[in-house]
Amino acid sequence: MGVEFLGLEIAKRALMAQQRALLVSGHNVANAATPGYTRQKVILKAVPPPEGTELRGIAGGGVEVAGITRIRDLFLDLGYREQAEALGRWEVRSQYLAQVEEILREPSDFSLGAALDAFWDSWQLLSLNPESIAAREQVRQRGEILVERFKEADRRLSELAYQIDRTVEAKVAEVNQIASRVADLNRRITLLGGEGKSGTADLEDERDLLLDRLSRLTGARVYHSEEGLRVMVGDHYLVAGERWFELEAEPDPDLGGSYRVVWAASGERARLEGELGSLLEVRDRDLAGYRESLRRLAWGVASEVNEWHGGGYDLAGNPVAGENWQNFFVNKSDLSPPDYGFTAYADFRIADWRVNPEIAQDVRRIAAASSPGLPGDGSNALAIADLRRTSIAFLDDATPGDFHRRIIGSLGVAAQGARDQARTQELLVQQIEQQRQAVSGVNLDEEMMEMVRAQHAYGVAARFAGVVDEMLRILIERVGA
Amino acid sequence: MRITDRMASERLLQDILEAGRRRLEVHRQMSSGKRLERPSDDPAGVFSALGFRSLLRETARFRENNDDARGWLEAAEASLSQATDLLHRARELAVEGASDTVPPEARKALAQEVRQLREELISIGNATYGGRYMFGGRKTTQAPYDAGGNYSGESGPGASLVREIGPGVYLEVTLPGIEIFGDAGSGVGPLKTLEDLASALDADDQAGINSALGALDADTDNLLQKRTTLGAKLERVEMNARKLLDTEILFRDLLSRLEDADLAEVAVRFATEDAAYRQALAAAAQILRSTLLDFLR
């Protein structure tokens with residue numbers, strides 16, 4: 001090939017390369033606000049002169065576009081995903097513990113603790129006026145309010161667990177959808193020749209965004225390998241190259257129908273972290289724990305009250321022991337011996353708990369007296385009222401009030417810890433995201449400069465083409481004439 | 001470090017949100033007046049606050065019990081005071097009847113009067129407080145004395161109403177009638193003495209009158225002793241009332257210090273946070289507006 005047209009060739013390549021650079025800048029600017037977008041950069045390379053020409057060593061062959069790369073730091077991605085997992089975990093925990101706080105609503109005058117105080121107070125009042133039907137009626141009512149508060153707290157905690165099940169279901173569906181998208185993107189990236197090849201940048205961006213979300217949801221870890229990208233959840237592949245493995249949320253008979261998450265193919269339980277892991281943990285450990293504590297408190301109070309009540313005498317002066325109204329609190333409809341409607345702790349459920357209907361029907365059956373035939377005797381009522389200050393072995397040697405305060409105290413510590421952790425974690429994630437943005441984000445001023453540079457280069461290259469053209473024209477005219 | 005546009009805008013947004021969150025938190029405290037709204041606001045503080053709340057409710061209960069105890073004691077004291085007057089009157093009658101110069105008819109008239117006094121004493125023994133018989137021990141729903149002065153109320157140790165006027169502090173607020181007015185049936189106390197006196201006056205039996213006079217003095221002494229005990233209990237109840245009030249004020253103060261927001265402080269903090277929020281907004285407006293484009297060309 002002759003030297004004469006090399007000039008035009010160089011000019012053409014320069015025009016094309018600068019056009020490319022301008023387009024990439026345009027793409028960057030257009031995506032300045034796109035989440036997960038990584039800025040792209042044109043890699044320009046000088047072209048050596050054509051082989052076998054006399055120009056070797058005198059001039060080059062112009063410029064060419066060697067590729068378009070994503071400016072991204074994989075190490076920062078790794079760090080980001082680790083912190084995002086922890087953020088998901090603590091945020092879920094903090095959010096649900098805050099709801100538990102809402103349910104137990106302490107400190108307040110309408111809480112369970114207040115109802116407990118009011119209940120003891122009604123027995124005090126009864127001890128002042130054991131002959132009074134009104135005072136007896138009040139004991140019944142305060143007893144029912146106490147039971148109602150316990151039931152409401154228990155019911156709302158179980159509703160919260162149900163709500164968690166629904167959330168788990170939705171998030172598992174989201175994980176499956178993301179996994180299938182990632183597998184699909186893997187396939188398309190492989191088709192284009194693998195990571196870093198031309199045309200894969202935007203696909204890789206989309207995949208990275210999905211992987212960020214995936215690690216937050218499940219604590220998934222990402223590995224780049226020869227066979228393509230792999231994602232692991234626990235010790236199981238979620239995505240391996242173009243294949244992905246489905247997760248499934250299904251009712252677990254061992255958990256009373258609550259949902260568990262398993263691998264659809266093997267039925268093996270998935271080891272989850274992140275939001276999903278935290279949801280299951282909050283449900284199975286925290287919520288179940290608070291419900292159990294409440295059940296324990298309820299049974300402890302009921303059994304102590306029953307114990308004293310059963311030893312007392314009603315308004316008619318007769319012992320209540322052996323009658324259907326021996327127990328003040330019951331949890332069965334059958335009030336006959338041997339348990340008189342109140343079962344052992346193992347069979348006790350807050351939902352079945354109530355004031356003995358025989359007593360509710362006729363409050364004269366409340367045993368306020370501790371001796372027969374003495375209507376003015378309120379000493380048994382006083383003994384029951386004093387249970388408020390009595391350490392109960394079943395409640396770990398705490399008084400009922402202390403046991404309740406311990407529940408609230410430990411909830412407060414847990415909720416505060418989770419909230420602080422979530423906030424710290426959020427800052428960490430923001431920090432890494434800032435670092436990631438510093439590397440991969442689009443700076444409009446910088447793109448502006450790029451554009452101005454490309455524009456000038458384009459202009460001068462066009463000018464160069466004109467000069468070569470002029471040169472050739474002179475040559476043709478002079479020689480031809 | 002490169003500063004990119006998304007970075008700048010996200011950072012600014014976070015700062016604005018954070019400043020807004022802090023402002024809202026202070027505003028919440030300002031409008032509710034409470035520092036503690038949920039256990040996680042201050043777990044240790046809430047734990048103590050719950051304890052104080054419970055103690056406060058309990059103290060209010062003891063104050064009510066204390067007032068109730070005072071009512072019973074005052075009512076008993078009033079009845080016993082009447083009984084003392086009555087015994088004094090009986091003594092005057094006995095002294096008059098013991099005189100040598102009194103003719104038998106006059107003694108009969110005195111006997112009549114003594115019998116009336118005795119009936120009056122029976123009705124004092126059947127006195128009620130709030131619809132309940134005070135002197136029948138814990139048998140509060142039936143009259144302890146019949147028309148003949150026979151006692152059917154409760155007697156012996158523990159035969160009285162008990163009030164809890166402090167944690168674990170129990171006070172007996174009534175006395176069984178048999179210990180004050182006696183019992184015609186078993187022949188003890190003033191009821192027996194007055195009957196003896198009336199019979200002696202009727203029978204013109206001077207020795208009997210004199211022995212009744214002696215018994216009457218012993219009865220009066222017993223009554224005064226009971227009144228002294230009552231008086232001491234009333235004094236105790238008064239002191240206890242003051243003590244309970246002090247306790248209540250103390251708990252209220254402690255609770256308030258734990259739970260309530262310091263309004264002056266909160267107001268100042270709100271002003272600060274509000275200013276910070278506005279600053280963040282103003283700074284964001286400044287930073288987001290300028291680009292290289294403003295200066296090219």
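The values are calculated or read from the model by the stated rules, or taken from the named source; none is laboratory data. In this text, all values refer to a predicted model and were calculated from it rather than measured experimentally. For neighbour counting, all protein chains shown are included, and Cβ atoms are generated from backbone atoms with ideal geometry for every residue, glycine included. Heavy atoms of the whole protein, side chains included, go into the accessibility calculation; ligands, DNA and RNA do not. Shrake-Rupley method; radii C 1.70, N 1.55, O 1.52, S 1.80 Å.
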Exercise. For A:Gly61, are the conditions met, namely being touching a Pro at 6+ places or on another chain (Cβ under 6 Å) and either under 30 Å from A:Asp402 (Cα atoms) or more than 14 Å from every other protein chain (Cβ to nearest Cβ) (or both)?
Worked result: yes
For this session: Go through region A:224-247 and give me each residue that's free of Cβ contacts under 8 Å to residues at least 12 places away in the same chain, more than 22 Å from the chain's Cα centre (by Cα) and under 13 Å from A:Val182 (Cα atoms).
Result: A:Arg230
Problem set entry | region A:218-240 - residue that is over 25 Å from A:Val168 (Cβ atoms) and in contact with an Asp or Glu (Cβ under 9 Å, 6 or more places away or on another chain) and, of those, least open to solvent (accessible area, probe 1.4 Å) | A:Leu229
For this session: Restricting attention to region A:331-354, report how many residues are of a type in the set (Phe, Trp, Tyr) and open to solvent by 20 Å² or more (accessible area, probe 1.4 Å).
Result: 3
For this session: Go through A:Asp154, A:Asp117, A:Asp165 for me and flag whichever is assigned to a helix (DSSP H, G or I) and touching a strand residue (DSSP E or B) at 6+ places or on another chain (Cβ under 6 Å).
Result: A:Asp165
Problem set entry | Unmet requirement for A:Ala398, which otherwise passes all of (1) among the aliphatic types (A, V, I, L, M); (2) open to solvent by 20 Å² or more (accessible area, probe 1.4 Å); (3) without any contact (Cβ under 8 Å) to a residue 12 or more places away in the chain | (2)
Problem set entry | Qualifying residue in region A:153-161 (condition: among the basic types (Lys, Arg), open to solvent by less than 60 Å² (accessible area, probe 1.4 Å) and at pLDDT 95 or above) | no
Problem set entry | Qualifying residue in region B:153-161 (condition: in a strand (DSSP E or B), within 11 Å of chain A (Cβ to nearest Cβ), without any contact (Cβ under 8 Å) to a residue 60 or more places away in the chain and at negative phi) | no
For this session: Go over the candidates B:Arg61, B:Arg6 one by one and state the one that is farther than 28 Å from A:Leu427 by Cβ, without any contact (Cβ under 8 Å) to a residue 12 or more places away in the chain and either within 9 Å of chain A (Cβ to nearest Cβ) or of a type in the set (D, E, K, R) (or both).
Result: B:Arg61
Exercise. Which one of B:Ala285, B:Ala275, B:Ala267, B:Ala271 is modelled with pLDDT of 90 or more and within 24 Å of B:Ser9 (Cα to Cα)?
Worked result: B:Ala275
Exercise. Across region B:10-36, which residue is modelled with the highest pLDDT among those that are open to solvent by 40 Å² or more (accessible area, probe 1.4 Å) and within 8 Å of chain A (Cβ to nearest Cβ)?
Worked result: B:Gln14
Problem set entry | Qualifying residues in region A:355-379 (those that are under 46 Å from the mean Cα position of the chain (by Cα) and surrounded by fewer than 19 Cβ atoms within 10 Å (Cβ to Cβ)) - the one nearest to the other protein chains (Cβ to nearest Cβ) | A:Ala360
Exercise. When A:Gly376 is evaluated against the numbered criteria (1) touching a Leu at 6+ places or on another chain (Cβ under 9 Å); (2) in a helix (DSSP H, G or I), which criterion, by number, is the only one it fails?
Worked result: (2)
Problem set entry | Residue that is nearest to B:Ala111 (Cα to Cα) [pool: residues in region B:201-217 that are open to solvent by 10 Å² or more (accessible area, probe 1.4 Å), touching a residue at least 12 places away in the same chain (Cβ under 8 Å) and in a helix (DSSP H, G or I)] | B:Asp202
For this session: Could you please find all residues in region A:100-147 being open to solvent by 20 Å² or more (accessible area, probe 1.4 Å), touching a residue at least 60 places away in the same chain (Cβ under 8 Å) and away from chain B (no Cβ under 11 Å)?
Result: A:Ile133, A:Glu137, A:Arg140, A:Glu144
For this session: All but one of (1) part of a helix (DSSP H, G or I); (2) open to solvent by less than 90 Å² (accessible area, probe 1.4 Å); (3) out of contact with any Asp or Glu (no Cβ under 9 Å at 6 or more places or on another chain) hold for B:Gln286, so report the exception by its number.
Result: (2)
Exercise. Within region A:210-217, is there a residue that is touching a Gly at 6+ places or on another chain (Cβ under 9 Å), basic (Lys, Arg) and either touching a residue at least 24 places away in the same chain (Cβ under 8 Å) or open to solvent by less than 10 Å² (accessible area, probe 1.4 Å) (or both)?
Worked result: yes
Exercise. If you take the residues of region A:409-462 that are β-branched (Val, Ile, Thr) and open to solvent by less than 60 Å² (accessible area, probe 1.4 Å), which of them is farthest from B:Leu12 (Cα to Cα)?
Worked result: A:Val452
Problem set entry | Selection count where residues are more than 8 Å from chain B (Cβ to nearest Cβ) and under 24 Å from A:Asp286 (Cβ atoms), scope region A:419-453 | 9
Seminar exercise, completed: Scanning region B:69-111 for residues that are free of Cβ contacts under 8 Å to residues at least 60 places away in the same chain, open to solvent by 30 Å² or more (accessible area, probe 1.4 Å) and either part of a helix (DSSP H, G or I) or of a type in the set (S, T, N, Q) (or both) gives B:Ala78, B:Gln82, B:Asp85, B:Arg89, B:Glu92, B:Glu96, B:Ser99, B:Thr101, B:Glu105, B:Ala106, B:Ala109
For this session: For A:Arg93, work out the one condition from (1) crowded, with 22+ Cβ neighbours inside 10 Å; (2) more than 14 Å from chain B (Cβ to nearest Cβ); (3) out of contact with any strand residue (DSSP E or B) (no Cβ under 7 Å at 6 or more places or on another chain) it doesn't fulfil.
Result: (2)
Exercise. In region A:27-50, what count of residues is obtained for those that are of a type outside the set (Gly, Ala, Ser), away from every other protein chain (no Cβ under 13 Å) and open to solvent by 40 Å² or more (accessible area, probe 1.4 Å)?
Worked result: 6
Exercise. Since A:Gln425 meets every condition but one in (1) under 42 Å from the mean Cα position of the chain (by Cα); (2) part of a loop (DSSP other than H, G, I, E, B), which condition does it not meet?
Worked result: (2)
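This table checks each residue for (1) within 28 Å of A:Gln138 (Cβ to Cβ); (2) among the aliphatic types (A, V, I, L, M); (3) not in a helix (DSSP H, G or I).
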residue	(1), (2), (3)
A:Arg271	no, no, yes
A:Leu276	no, yes, no
A:Ala288	no, yes, no
A:Leu297	yes, yes, no
A:Glu307	yes, no, no
A:Leu315	yes, yes, yes
A:Asn327	yes, no, yes
A:Ser333	yes, no, yes
A:Gly341	yes, no, yes
For this session: Pull up region A:314-330, narrow it to residues that are over 18 Å from A:Ser122 (Cβ atoms) and surrounded by fewer than 22 Cβ atoms within 10 Å (Cβ to Cβ), then point me to the one that is nearest to the chain's Cα centre (by Cα).
Result: A:Asn324
Seminar exercise, completed: Residue pairs qualifying under the 9 Å Cβ cut-off, at least six apart or on distinct chains, with the first in region A:449-477 being assigned to a helix (DSSP H, G or I) and the second being aromatic (Phe, Trp, Tyr) and modelled with pLDDT of 90 or more, are none
